[in-house]
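Take a look at the structure set out below.
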Amino acid sequence: MRKEVERASDRLKKHMQKMQHQVKNDFNLLSGIMLLQSEALKDNSELYEVLQQNMNRIKAVGLLYEQAYQHTTPDHIVLPEYIRAVAQSLKSTYVVPDKDIRLDIHVECVILPVEKARACGLIICEALTNSFKHAFTELRQGSITLSIILSGTQVVIEIRDNGKGLPATFSIEQVRSSGMLLIRSFASQINASLEIIGTNGTALRVVLKV
């Protein structure tokens with residue numbers, strides 16, 4: 001009986017490893033296809049940017065599952081490793097040589113279920129994209145700070161930049177950009193609250209229960 005259980009366990013482990021490689025290969029395939037398409041669209045800046053943003057979203061989800069399958073508890077994600085990978089990937093995409101944009105990351109050791117970690121990763125992906133693209137259009141230097149802290153039973157995520165900020169009339173409910181609509185959608189999926197502060201730069205704060 002014990003040998004049968006061990007054999008079943010080995011088969012399950014091999015199956016999980018096979019699935020891990022398959023998922024990773026599928027994400028790499030999608031990214032490769034979109035990369036080829038993006039090269040063909042470089043003369044159309046608007047379409048190129050849309051494709052680039054979708055590639056970043058796919059990469060964020062791919063990094064999530066890559067980490068999940070590397071740990072003994074694939075249904076939970078250790079945030080520091082995952083979020084750092086997402087943030088650094090975005091920085092390499094958007095920071096250009098003639099600008100000095102510093103990215104500071106402070107992430108406590110928070111562990112979340114895959115569903116919540118995925119939503120948090122995509123929210124951070126959209127928020128960082130907005131900061132890299134829009135906060136420093138008139139500046140050559142700047143900084144973005146990403147912090148995640150555990151406060152009791154709540155996780156507090158904040159993405160803050162010291163860029164040009166937002167108009168005084170800004171309202172999160174009235175913004176119809178695709179990035180902001182996605183942020184609101186992902187936050188709703190995990191019952192998280194959202195707050196945006198647009199003075200002295202821009203800060204997005206997300207609060208959710210563990």
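The values are calculated or read from the model by the stated rules, or taken from the named source; none is laboratory data. These figures come from a predicted structure and were not determined experimentally. Note that each Cβ is placed from the backbone with ideal geometry, even for glycine, and that neighbours are counted across all protein chains shown.
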Would you mind stating whether ALA135 is modelled with pLDDT under 90, hydrophobic (A, V, I, L, M, F, W, C) and under 22 Å from ALA187 (Cβ atoms)? no
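Going by what's in this entry, would ARG140 be described as touching a strand residue (DSSP E or B) at 6+ places or on another chain (Cβ under 9 Å), surrounded by 16 or more Cβ atoms within 10 Å (Cβ to Cβ) and among the basic types (Lys, Arg)? Quick ask: steps written out before the conclusion?
Numbers: touching a strand residue (DSSP E or B) at 6+ places or on another chain (Cβ under 9 Å): yes; surrounded by 16 or more Cβ atoms within 10 Å (Cβ to Cβ): no; among the basic types (Lys, Arg): yes.
No: the conditions fail for ARG140.
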Identify, from the list VAL114, VAL156, VAL175, the residue that is in contact with a Pro (Cβ under 8 Å, 6 or more places away or on another chain) and either over 17 Å from ASN56 (Cα atoms) or surrounded by 14 or more Cβ atoms within 10 Å (Cβ to Cβ) (or both). VAL114
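For ALA60, indicate whether it is outside the structural domain of GLU158 (by TED's automatic domain parsing) and at pLDDT 85 or above. Reasoning before the result, please.
On the way: outside the structural domain of GLU158 (by TED's automatic domain parsing): yes; at pLDDT 85 or above: yes.
Criteria met by ALA60.
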Per the filter on segment 37-48, residues surrounded by 14 or more Cβ atoms within 10 Å (Cβ to Cβ) and either modelled with pLDDT of 65 or more or within 13 Å of SER178 (Cβ to Cβ) (or both) are LEU47, TYR48
Restricting to segment 90-111, count the residues that are touching a Pro at 6+ places or on another chain (Cβ under 7 Å) and either at positive phi or assigned to a strand (DSSP E or B) (or both). 1
The one condition ILE123 fails out of (1) hydrophobic (A, V, I, L, M, F, W, C); (2) over 18 Å from the mean Cα position of the chain (by Cα); (3) part of a helix (DSSP H, G or I) is (2)
